[in-house]
Amino acid sequence: MALVLTEEQVMLKESAAGLLAEKAGVAQLRALRDADDALGFAPDVWRDIAGMGWPGIAIPESYGGLGYGYIGLGLVLEQAGRHLSPVPLQSTVLLGATLLNALGSEAQKQALLAPLAAGELHVTLALQEGPLHAPEDTALKAEADGAGYRLHGSKCLVLDALAAQQFVVIARTSGEPGDSAGLTAFLVPADAAGLTVERRSLVDARGVGALQLDAVQVPADAVLGDVDGAWDGLSRSLDIANIGLAAELLGIASEAFERTVGYLKERKQFGKVIGSFQGLQHRAAELFAELELSRSLVLKALQAIDADDPQLPVLASAAKAKLCEVAQRATNEGIQMHGGIGMTDEYDIGFFIKRARVAQHCFGDYNYHLDRFARLSGF
């Protein structure tokens, strides 16, 4: 498949760029941060986004979505990265909808995907239990209890936890931490007895939370998929999530690069525009080439999702590792080439490095995915 966008995809990209620049840009992120907003996003802006159909962009039409595929979602996520848009696209759409579609029964999909596609339902993944991404190390226990299950344990770094109405909680129903077998996905309502959600703060000013589950009772039909059989669907969903994060990182890196080049063309030193200095030109040229390579890799990975390519795990880790590297370089260069003012809150460039660092570590950082890529590729 050619690594180019169709006319329809270009129109979607331009539409996303226009709406997010107007209603969910850096200025809104700054305002939400300054207001110490607990949700981390504005509900009225999310309603506008839902009106565009974006929550259902990758959901099949049979479940109330647009059926446009993950290439379309990736284009929207790239623009969200460019504008640092504080919206729950990653938690509810990239993760929530993907998990429900991958693991849910037909009845669960019919009941949940339509309101999610309409922007009326927020669902997010509760997976991580420690400082590092290690899904096989899940220790949160789910014990059979009568007609249902009781959940005991805790989760951290749950995206948009305070906005969620439902959590997809990954629990261990058999085996030991370190085993990929024995994991089960449960749909747990945010108001379940015994569930405590606490707000946490990260440098990117987005909404995250920690969950404590003390004997949370759920019925048998709260299980998504098969008992002990969540791994395959979870693993694929995490691959999709990492490709989506790579698309967002591409947008962050591209915007940081373009803002920095714009600054190089304006700032004068020793009587000359600093963009005329050959050393800075070389650094900018190298970064431009890296961004173009990254763009092709992300598009290839997005195409692999829609084509159900068996190489998806390899491409997911390749894309995430590469974009972690390039986004780190682009945002570092942005701060350095802006000089001392790049470190001040007055300039927006600092917001890009903060969001990039969080996205880089979400669901596996550069080292995690480089090692996984090498292992899957047989190196």
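Those strands (runs of 3 or more DSSP E) of the range 175-270 in which 3 or more residues are in contact with a Lys or Arg (Cβ under 7 Å, 6 or more places away or on another chain) occupy 208-219. Mind counting the residues in the range 107-139 that are among the aliphatic types (A, V, I, L, M) and not in a loop (DSSP other than H, G, I, E, B)? Residues flagged as among the aliphatic types (A, V, I, L, M) and not in a loop (DSSP other than H, G, I, E, B) within the range 107-139 amount to 10. Could you tell me which residue of the range 7-46 is farthest from residue 349 (Cα to Cα), considering only residues that are open to solvent by less than 20 Å² (accessible area, probe 1.4 Å) and β-branched (Val, Ile, Thr)? So, considering only residues that are open to solvent by less than 20 Å² (accessible area, probe 1.4 Å) and β-branched (Val, Ile, Thr), the one farthest from residue 349 (Cα to Cα) is 45. Restricting attention to the range 143-156, and to residues there that are more than 15 Å from residue 192 (Cα to Cα) and touching a residue at least 60 places away in the same chain (Cβ under 8 Å), which single residue is most open to solvent (accessible area, probe 1.4 Å)? Step by step, filter the range 143-156, then rank; the result is 147.
Here is the figure for the range 322-379: residues that are over 15 Å from residue 245 (Cβ atoms), among the polar types (S, T, N, Q) and open to solvent by 70 Å² or more (accessible area, probe 1.4 Å) total 2. For the range 272-290, filtered to residues that are under 14 Å from residue 329 (Cβ atoms) and of a type outside the set (A, V, I, L, M), the residue that is surrounded by the fewest Cβ atoms within 10 Å (Cβ to Cβ) is 282. A search for C-beta distances below 6 Å between a residue of the range 25-48 that is over 20 Å from residue 119 (Cβ atoms) and any residue that is part of a loop (DSSP other than H, G, I, E, B) and open to solvent by less than 40 Å² (accessible area, probe 1.4 Å), counting only pairs 6+ apart in sequence or on different chains, returns 26/84; 33/205.
Restricting attention to the range 252-259, does a residue exist that is more than 20 Å from residue 166 (Cβ to Cβ), surrounded by 13 or more Cβ atoms within 10 Å (Cβ to Cβ), touching a His at 6+ places or on another chain (Cβ under 7 Å) and not acidic (Asp, Glu)?
Filtering the range 252-259 for residues more than 20 Å from residue 166 (Cβ to Cβ) gives 252-259.
Now restrict to residues that are surrounded by 13 or more Cβ atoms within 10 Å (Cβ to Cβ): 252-259.
Imposing the further condition that a residue be touching a His at 6+ places or on another chain (Cβ under 7 Å) reduces the set to none.
The answer is no, given that none of the residues of the range 252-259 is more than 20 Å from residue 166 (Cβ to Cβ), surrounded by 13 or more Cβ atoms within 10 Å (Cβ to Cβ), touching a His at 6+ places or on another chain (Cβ under 7 Å) and not acidic (Asp, Glu).
Among the residues examined, residue 98 qualifies as open to solvent by less than 40 Å² (accessible area, probe 1.4 Å), within 27 Å of residue 300 (Cβ to Cβ), hydroxyl-bearing (Ser, Thr, Tyr) and not in a loop (DSSP other than H, G, I, E, B). Against the criterion of being open to solvent by less than 10 Å² (accessible area, probe 1.4 Å), closer than 30 Å to residue 339 by Cβ and more than 17 Å from the chain's Cα centre (by Cα), residue 249 does not qualify.
The values are calculated or read from the model by the stated rules, or taken from the named source; none is laboratory data. Everything numeric here is computed off the predicted structure, so don't read it as measured data. Here the Cβ is made from the backbone with ideal geometry for all residues, glycine too, and neighbour counts use every protein chain on show. Remember, those area values only see protein heavy atoms, side chains included, never the ligands or the DNA or RNA. Shrake-Rupley method; radii C 1.70, N 1.55, O 1.52, S 1.80 Å.
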